[in-house]
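Novice: Quick one: the structure is below, questions incoming.
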Amino acid sequence: MEEPITQSSIEDICKQIHGNLGNFSLLVRVFTGLSTQHECQKIRDKYMEMYGEDLLDHLHNKIDCGASKTCTILSLSMINLHERDAIVAKNAIFKERGCVNYKALIEIYVGRKSSHFFLIQQAYQSKFRRHLDQDIMSIEPPHSYQKILMALSASQKAHSADVSVHIGKCDAQRLFQTGEATSGGFKIDEGVVLEILSKRSIPQLKLTFSIYKHIYGHSYTKHFKNKYHGEFEEALRFVALEASMKGKTKDESTLERIIMSQSENDMKNIRKLYKNIYEIDLRDAIIESIPIGNFRDLLVGLTMKSSIGL
């Protein structure tokens, strides 16, 4: 286990950064060498105390001036996880006019614990003076993803964190009976799906999809890709895939979101899951997908922070 960073070390790091503010390679080495986000925050606070400048503002200025994505990741590493997700959510909705990144939103709505999701909504409102759910519902033109995201938002408010195999079996059977078992071929009953999504916790939904595959021998979304590929089916398919992490891909933007949305402890589990699914280590996937440079070094460094014991 690494030793906690000392006050003198923090001051030395701040002096080093101040003398080399344009040196992104140095910043990458510094922040990937820190054990936790809390230590990153200590550096930011001490720098402000010593020099009256916010490191985050400096990096944002570099971003505004067209600097590389390295600055974006460095700035996100200085804030807590729910604030990061709030920023990712806003960018998903507003960054590209007319092009909403619904998959990034689904990753947040499915992949976060209820307690964390509540903090994301608070951070979004505090930082942007807006309501996340309202912004999603106001997206034009309307899309089926909006209905599913609102159902998932309701599921995050489920009071019980416990999961029930009995409920999972009942919901799986209901999905089957209103889908595959219907006369005239497979057809999704949107009302049933949205009711289940809105009334069950995220862990319970994950269990339901797992039970469905166990009972019927294939995933709930098996027929979606080839026979039924409307908006609602596409959105629902991604939710089910995301619940098992099989919706993850090896493209650069997804790798970036995976890394920046996880705590130091969660990253250990993410790397194990990623390797099980793709038979390649997350670090190696980054090296294969992203060109040599500070950005790649930063993502690799953040990924390997919690590599002990893997």
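Novice: Could you list, in sequence order, the residues of the stretch 30-43 that are surrounded by 14 or more Cβ atoms within 10 Å (Cβ to Cβ) and either touching a residue at least 24 places away in the same chain (Cβ under 8 Å) or of a type in the set (Gly, Ala, Ser) (or both)? Can you show your working first?
Specialist: Step one: of the stretch 30-43, the residues surrounded by 14 or more Cβ atoms within 10 Å (Cβ to Cβ) are 30-32, 34-37, 39-43.
Matches in the stretch 30-43: PHE31, THR32, LEU34, SER35, THR36, GLN37, GLU39, CYS40, GLN41, LYS42, ILE43.
Novice: Helices (runs of 4 or more DSSP H) wholly in the stretch 41-126 with at least 2 residues that are under 22 Å from ASN23 (Cβ atoms) and out of contact with any strand residue (DSSP E or B) (no Cβ under 6 Å at 6 or more places or on another chain) - which ones?
Specialist: Of the helices (runs of 4 or more DSSP H) lying wholly inside the stretch 41-126, those with at least 2 residues that are under 22 Å from ASN23 (Cβ atoms) and out of contact with any strand residue (DSSP E or B) (no Cβ under 6 Å at 6 or more places or on another chain) span 55-64, 69-76.
Novice: Here's a follow-up. Considering only helices (runs of 4 or more DSSP H) fully contained in the stretch 226-310, which possess at least 3 residues that are modelled with pLDDT under 75? Working first, answer last.
Specialist: Working: elements: 231-243, 252-260, 264-278, 282-289, 294-304.
Here the list reads 252-260, 264-278.
Novice: Those residues that are of a type in the set (Ser, Thr, Tyr) and either buried (at least 21 other Cβ atoms within 10 Å of the Cβ) or touching a residue at least 24 places away in the same chain (Cβ under 8 Å) (or both), I need them from the stretch 78-115; list them, please.
Specialist: Residues satisfying the conditions are TYR102, TYR109, SER114.
Novice: Hey, another quick one. Looking only at residues that are outside any helix (DSSP H, G or I) and modelled with pLDDT of 85 or more in the stretch 179-206, which one is surrounded by the fewest Cβ atoms within 10 Å (Cβ to Cβ)?
Specialist: My answer is ASP189.
Novice: Have a look at LEU59, LEU55 and point out the one that is without any contact (Cβ under 8 Å) to a residue 40 or more places away in the chain, in contact with a Lys or Arg (Cβ under 7 Å, 6 or more places away or on another chain) and farther than 28 Å from ALA235 by Cβ.
Specialist: LEU55
Novice: On to the next question. Can you find, within the stretch 10-28, the residue that is nearest to HIS58 (Cα to Cα) among those that are open to solvent by 30 Å² or more (accessible area, probe 1.4 Å) and either touching a Cys at 6+ places or on another chain (Cβ under 8 Å) or in contact (Cβ under 8 Å) with a residue 40 or more places away in the chain (or both)?
Specialist: Per the criteria, the residue is PHE24.
The values are calculated or read from the model by the stated rules, or taken from the named source; none is laboratory data. Source: prediction; values computed, not measured. In this analysis, Cβ positions are derived from the backbone assuming ideal geometry, glycine residues included, and neighbour counts consider all displayed protein chains. Side chains included, ligands, DNA and RNA excluded: accessible areas come from the protein's heavy atoms. Shrake-Rupley method; radii C 1.70, N 1.55, O 1.52, S 1.80 Å.
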